[in-house]
Amino acid sequence: MAQEDVFKKIVSHCKEYGFVFPSSEIYDGLGAVYDYGQNGVELKNNIKQYWWQSMVLLHDNIVGLDSAIFMHPTIWKASGHVDAFNDPLIDNRDSKKRYRADVLIEEQIAKYEDKIAKEVAKAAKKYGEAFNEEEFRRTNGRVLEHQSKRDALHQRYSDAMNAGPDLNELRQIILDEEIVCPISGTKNWTEVRQFNLMFSTEMGSTADGSMKVYLRPETAQGIFVNYLNVQKTGRMKIPFGIAQIGKAFRNEIVARQFIFRMREFEQMEMQFFVKPGTELEWFKQWKETRLKWHKALGFGDDHYRYHDHEKLAHYANAATDIEFLMPFGFKEVEGIHSRTNFDLSQHEKFSGKSIKYFDPESNESYTPFVIETSIGVDRMFLSILSASYQEEKLENGESRVVLKLPAALAPVKLAVLPLVKKDGLPEKAREIVDALKFHFNCRYDEKDSIGKRYRRQDAIGTPYCVTVDHETLNDGCVTLRNRDTMTQERVAISDLCSLIEERVSIPSLLKRL
Ligand code: ATP
């Protein structure tokens, strides 16, 4: 199946099974805003728990915070967001569609890279075992031609971005590369303009004199302005971290990839405060720790790669993305940045207050450096769904759609199904649910044939189903069915809790870290 089709299927699956709905749907939706349904909210909460616990429970020097969405507007002046949180946008006059100029160029770079990858794959197939990839890349004419075009474009693009960005040059690159609008197919482009991504609103009534405030575009600043409160009241010693999960808002120009790029989304950010000079060591460590967290979900190492930044944001001295293989290619899911002491110094400057840390070991005061790990809950959600969604042909000729979610993240852990709706089987099934619901999320279902009920649970990723049959009333055993293998085993009701809980709990994931 083409990857685009897979993506379309995932989007409609999310809607059909109560994971994600377009916001305000009965009013025809609101661009790039989505609501999470009954199963989506469970999966999302589990992702958040997995992240939170891996940070706050597993590290005794990381604590949590929940700061407000509204903050003093000067914070955004200090952080640079008022002046520099812009995207370069360009419109196609024929389709009237708006694009990010930088994204159009990055996609063009990716096209050259794809061409190279295809040449390599073709040759690998042709030469089999004897294939020497390194030599092929070094000597093959077509590969070298694509590579030199890619490198020249990349250099020109980096120069343009580093020069402000140079908006005229970005446009010229788009024209020179003959990049066309995917909708109209034309090169009828407008000028490139800068567009600030922050939403703003008014706080207070106008009679009192209202104040322009922003909806935060990242949760990090709430951590920075509270770092000393937390440090002092929690008696934290450097190095230490503050973790926060919360909503962020960006008026994204291009918002066409479902929950990949939203205008209202959720971030999980951890700022790790370190002694100046040690930051690159910590950066390396967090890069590894975070990748391990992703890989523990078991989707396979080939789904992940790092993308080290060549063009660094004004505040960073090292940065990398963890990218995940989505149906539309490798895409950023998490950013890890060495943010220097930029933010804290700026807040000192703008607030006029000292927020230096006093180091009792070296007897000196300094402004800590910060390593940030920043991941989008919604993007993580999308990556998990993409990797879990499978269509399988069964031995009996039927097919099934199954979400092979990591069991600990699945919205429902166990479905309890009476074989028939009579003879005391529903009562027995409800008894089981009532006993187990304190331990994990159970669902009772008695409607339709057992086969159909299994399919419904497969479609939402329930790792286990138990069927209560007439024998159960005599022997106190049920049939336990495994979602992935579809194998069934007879187990005692009294063993169910211990059998399942161990495999579906968040700690079962945490133990892999
Ligand atoms: P992009 O380059 O895709 O716009 P970014 O580099 O601006 O992302 P960061 O500012 O580093 O993103 O934000 C950290 C994380 O927050 C991202 O890795 C992503 O998972 C998430 N994120 C950022 N913007 C959005 C959005 N509009 N919708 C959903 N998640 C987002």
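Some notes on this structure:
- For the stretch 42-58, the set of residues classified as free of Cβ contacts under 8 Å to residues at least 60 places away in the same chain and of a type in the set (A, V, I, L, M, F, W, C) is empty.
- Summed over the stretch 252-265, the residues that are more than 16 Å from residue 195 (Cβ to Cβ) and within 8 Å of the ligand (Cβ to nearest atom) give a count of 4.
- Yes/no for residue 357 being outside the structural domain of residue 54 (by TED's automatic domain parsing), among the aromatic types (Phe, Trp, Tyr) and surrounded by 16 or more Cβ atoms within 10 Å (Cβ to Cβ): no
- Matching option when the condition is open to solvent by 20 Å² or more (accessible area, probe 1.4 Å), assigned to a strand (DSSP E or B) and of a type outside the set (Gly, Ala, Ser), among 235, 305: 305
- Single match in 428, 413, 422 (criterion: closer than 30 Å to residue 11 by Cβ and modelled with pLDDT of 95 or more): 413
- Yes/no for residue 229 being more than 20 Å from residue 81 (Cα to Cα), open to solvent by 30 Å² or more (accessible area, probe 1.4 Å), not β-branched (Val, Ile, Thr) and not in a strand (DSSP E or B): yes
- Residues of the stretch 237-251 classified as touching a Leu at 6+ places or on another chain (Cβ under 9 Å), more than 9 Å from the ligand (Cβ to nearest atom) and of a type in the set (D, E, K, R), total: 1
- Condition check for residue 330: open to solvent by 30 Å² or more (accessible area, probe 1.4 Å), assigned by TED's automatic domain parsing to the domain that holds residue 283 and under 23 Å from residue 290 (Cα atoms): yes
- Test: residue in the stretch 6-28 that is among the aliphatic types (A, V, I, L, M), more than 21 Å from residue 325 (Cα to Cα) and surrounded by 17 or more Cβ atoms within 10 Å (Cβ to Cβ): no
- Of note, residue 251 does not satisfy the criterion of being more than 26 Å from the chain's Cα centre (by Cα) and closer than 30 Å to residue 155 by Cα.
- Cβ-Cβ under 6 Å pairs, at least 6 apart or on other chains, the stretch 141-155 side in contact (Cβ under 8 Å) with a residue 24 or more places away in the chain and in the same structural domain as residue 107 (by TED's automatic domain parsing), far side open to solvent by less than 50 Å² (accessible area, probe 1.4 Å) and not in a helix (DSSP H, G or I): none
- In a residue-by-residue description of the stretch 320-330, the property of being under 23 Å from the mean Cα position of the chain (by Cα), within 11 Å of the ligand (Cβ to nearest atom) and of a type in the set (D, E, K, R) applies to at least one position.
- Residues of the stretch 131-140 satisfying the condition of being assigned to a helix (DSSP H, G or I) and either outside the structural domain of residue 179 (by TED's automatic domain parsing) or surrounded by fewer than 13 Cβ atoms within 10 Å (Cβ to Cβ) (or both): 133, 134, 135, 138, 139
- Of all residues making up the stretch 386-406, the number that are open to solvent by 10 Å² or more (accessible area, probe 1.4 Å), more than 16 Å from the ligand (Cβ to nearest atom) and small (Gly, Ala, Ser): 2
- Picking from residues in the stretch 268-292 that are over 17 Å from residue 343 (Cα atoms) and open to solvent by less than 10 Å² (accessible area, probe 1.4 Å), the one that is farthest from the ligand (Cβ to nearest atom) is 290.
The values are calculated or read from the model by the stated rules, or taken from the named source; none is laboratory data. Just so you know, these numbers come straight off a predicted model, no measurement behind them. When we count neighbours, we look across all protein chains shown, and the Cβ atoms used for this are built from the backbone with ideal geometry, even at glycine. The accessibility values were calculated without ligands, DNA or RNA, using every heavy atom of the protein model including side chains. Shrake-Rupley method; radii C 1.70, N 1.55, O 1.52, S 1.80 Å.
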